[in-house]
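Structure first, then comments.
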Amino acid sequence: MPERDDPETIGRRVQQLRRERGLTQKQLAEPAYTPAYISTLEAGRVRPSDDALRHLAARLGVGFEELATGRPAHLATGLRLRLTEAQRTLAEGEADEAAGLYTALLAEAETHNLVDEQATALLGLGECGLDTGDIVAAREYFERAEQVLCGRPLPARVPALRGRAVAHYLAGELRYAVYLLESTLDELNRGGLHDPDALLLLYTGVIAPYMDMGAHARAAQAAEFALALAPRAGDPALVARMHRSVARTLLAEGRVFEADASLAKAAEMYRQLKIRTELANCHWMRGYVCAQNGELEKAENELRAAQDMLASQRSALYSSQVAVELADVLHRRGRSEEAGELLRTVLDDLSSERGAVHAAAAHRLLGIIAEDARDTEAAEEHYVRALSLLERAGAAGDLADLCRLLGDLLRRTGRVEAALDAYRTGLGHRTAPGTTTLGPAPAQPPL
C-alpha cells in the first residue's frame, strides 16, 4: 500500500467529504466511533487506523486509498492500462506518438506520487529516445527512473540500469556500459537476488559490447547463461531479445545454422507480440548472418527490409547502422559506387558520441572503396578517422583488422616506419578470444 497522507491532510479531507454529503460528526461516527473521535480526527490530532479509515470510507462512499491518499478510485489501475497502451504504441514503431503518451502519463503519475507508474513512464521515454536516436535524452530518462526507484530492491531497478548501459554503449562508451552491466550482475548474484527476468535482461544486454570489445569468450558465456535462464523468465519479449543477441555469439563460433534458428525463434515471437522495432532488428541480424555466410543477395534483401521498417518508424540511428552493413553487402556485390553514396548519406547521423562502431565501419569501407579507386590519400584519411573512433570506443574487436589495412596502405606508398607503427598498434589489439583488461568475470548465477 502506498504511503498515506499526514493526519492533518486526512482530517481536512474527511471534514470536506462529510460536509459535502451533509453528515454530522455523530452520523459519520456511528456505530463504531464517537463524535469526539471524529472531531479530533478532523482537527488532525490523531492518526486514524486502517480500520477507522475503512469505516469512514464506507460511510463517505469513497475508496480506502482515496481517503488515505487523495487519489481518485482506480487511478493507479487506469494509469497502468494507459501505460500498457503507450507500450503497445512504441512496439508498433510509433516512437514519437508513444513519447507524447508517456509524457502525459508521467505528469499525471507525478501529480499523484505514483512511484511505479512514474518509473514505467520514464523507462518508456528512455526506450523512445533509443528508438529515435536521441541518446542523451534516453540516458537522462533512465537515470531519472533509477532515482525514482532508489528505495526499491535491485531487481526492480535493473531495467533502468540496463537502459542506461545501452545508451552508453550506443554513445561509443563500451567499457563503461560493460562496467554497469557486470557490476549489477555481480550484485544480484552475490547478493542472492536471483530474479530470472533481471538476470536475463543483463546477460542479454552485455553480449553486444563484449563482442565489440573482442571479449568473445565472455560473450559466449553470457549467451550460455541467458539460454539457461530463458525457460524461467516471465517476459516473452525479453526471451525473444535474448534469442536475437545469442545469435551473434553463435555466428562468431561458426554455428551459422544455430544462429539462423535462434533468429527465426526471435522473429516468430516478435510477430506474435506485434513488436515491429524488434522484428526489424531480427531482419537486420539475419542480414548480418547471411552476409557472413556469403549469401549476399539474401543479405541485401534482409537488410533492406530492416532499413525500410526502421525508416518508417523514424528510428534514425538504427536505420543508419543498418545502412552501413547494407553498404558493405553492396560493395561485396560489385556496386561500390552505390555503397559509397549510401555511406556518405548516413555518416551525418553517426559520430563518436552516436553509433561510434558503425561510424568507424562506414569510414573503413569508404577507405577500401577509395583504395579500389586508387585514391590513397582519401583512403588513408578514412582509415585514420575509423581508427580514432574505434580507439575512443575501446572496440578492440575491429581495431586489429583496421590497423592491418592502414599498415598495408602505408607500406604500399613507401612509408615503412609508419606502416610498422600501424602493425604494432594492431598487434596490441589482437587479443585472444575472451582476454581483455575487463577484470574478473561476473559471478555465475545458480542454474
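The values are calculated or read from the model by the stated rules, or taken from the named source; none is laboratory data. Please read these numbers as outputs of a predicted model, since none were measured by experiment. Here Cβ is always computed from backbone atoms with ideal geometry, including for glycine, and neighbour counts include all displayed protein chains.
Points worth noting:
- Of the set (1) closer than 30 Å to ARG152 by Cβ; (2) not in a loop (DSSP other than H, G, I, E, B), all apply to ARG47 but (2).
- Sub-7 Å Cβ pairs linking a first residue in the stretch 250-267 that is part of a helix (DSSP H, G or I) to a second residue that is surrounded by fewer than 17 Cβ atoms within 10 Å (Cβ to Cβ), at least 6 apart or interchain, are LEU250/GLU258; LEU251/GLN292; VAL256/ASN293, ordered by first then second residue.
- Failed item, numbered, when ASN113 is tested on (1) in a helix (DSSP H, G or I); (2) more than 18 Å from the chain's Cα centre (by Cα); (3) touching a residue at least 40 places away in the same chain (Cβ under 8 Å): (1)
- Positions within the stretch 76-87 being buried (at least 20 other Cβ atoms within 10 Å of the Cβ) and under 13 Å from GLN118 (Cα atoms), in sequence order: LEU79, LEU83
- The listed residues are ARG314, ARG374, ARG364, and the only one of them that is of a type outside the set (Ser, Thr, Tyr), outside any helix (DSSP H, G or I) and under 25 Å from ARG411 (Cα atoms) turns out to be ARG374.
- Scanning the stretch 185-201 for residues that are at pLDDT 90 or above and either of a type in the set (Gly, Ala, Ser) or crowded, with 24+ Cβ neighbours inside 10 Å (or both) turns up LEU185, ALA198, LEU199, LEU200, LEU201.
- Some residue of the stretch 1-12 being out of contact with any Gly (no Cβ under 8 Å at 6 or more places or on another chain) and modelled with pLDDT of 90 or more: no
- Per the conditions (1) farther than 30 Å from TYR270 by Cα; (2) surrounded by 13 or more Cβ atoms within 10 Å (Cβ to Cβ); (3) basic (Lys, Arg), the sole criterion not satisfied by ARG19 is (2).
- Residue within the stretch 231-241 that is in contact with a Phe, Trp or Tyr (Cβ under 7 Å, 6 or more places away or on another chain) and either surrounded by 21 or more Cβ atoms within 10 Å (Cβ to Cβ) or assigned to a loop (DSSP other than H, G, I, E, B) (or both) present: yes
- Criterion applied to GLU224, GLU143 was being modelled with pLDDT of 90 or more and surrounded by fewer than 23 Cβ atoms within 10 Å (Cβ to Cβ), and the one residue passing it is GLU143.
- Restricting attention to the stretch 268-300 and to residues that are buried (at least 24 other Cβ atoms within 10 Å of the Cβ) and touching a Cys at 6+ places or on another chain (Cβ under 7 Å), the residue that is modelled with the highest pLDDT turns out to be ALA299.
- Answer residue from the stretch 1-35, given it is in a helix (DSSP H, G or I) and β-branched (Val, Ile, Thr) and is farthest from ALA52 (Cα to Cα) among those: THR9
- Scan of the stretch 32-48 for residues that are surrounded by fewer than 13 Cβ atoms within 10 Å (Cβ to Cβ), free of Cβ contacts under 8 Å to residues at least 24 places away in the same chain and within 54 Å of the chain's Cα centre (by Cα), ordered by number: ALA32
- Where VAL62 falls short, out of the listed (1) over 26 Å from HIS112 (Cα atoms); (2) modelled with pLDDT under 90; (3) β-branched (Val, Ile, Thr): (1)
- Test result for GLY172, free of Cβ contacts under 8 Å to residues at least 24 places away in the same chain and not in a helix (DSSP H, G or I): no
One line per residue, one yes/no per condition, for (1) surrounded by 15 or more Cβ atoms within 10 Å (Cβ to Cβ); (2) of a type outside the set (Gly, Ala, Ser); (3) under 30 Å from ALA219 (Cα atoms):
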{"position": "LEU310", "(1), (2), (3)": "yes, yes, yes"}
{"position": "ASP328", "(1), (2), (3)": "yes, yes, yes"}
{"position": "GLU341", "(1), (2), (3)": "no, yes, no"}
{"position": "ALA359", "(1), (2), (3)": "yes, no, yes"}
{"position": "ARG392", "(1), (2), (3)": "yes, yes, yes"}
{"position": "ARG411", "(1), (2), (3)": "yes, yes, no"}
{"position": "ALA418", "(1), (2), (3)": "yes, no, no"}
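- Residue that is out of contact with any helix residue (DSSP H, G or I) (no Cβ under 9 Å at 6 or more places or on another chain) and not β-branched (Val, Ile, Thr), where the choices are GLY340, GLY234, GLY287, GLY254: GLY254
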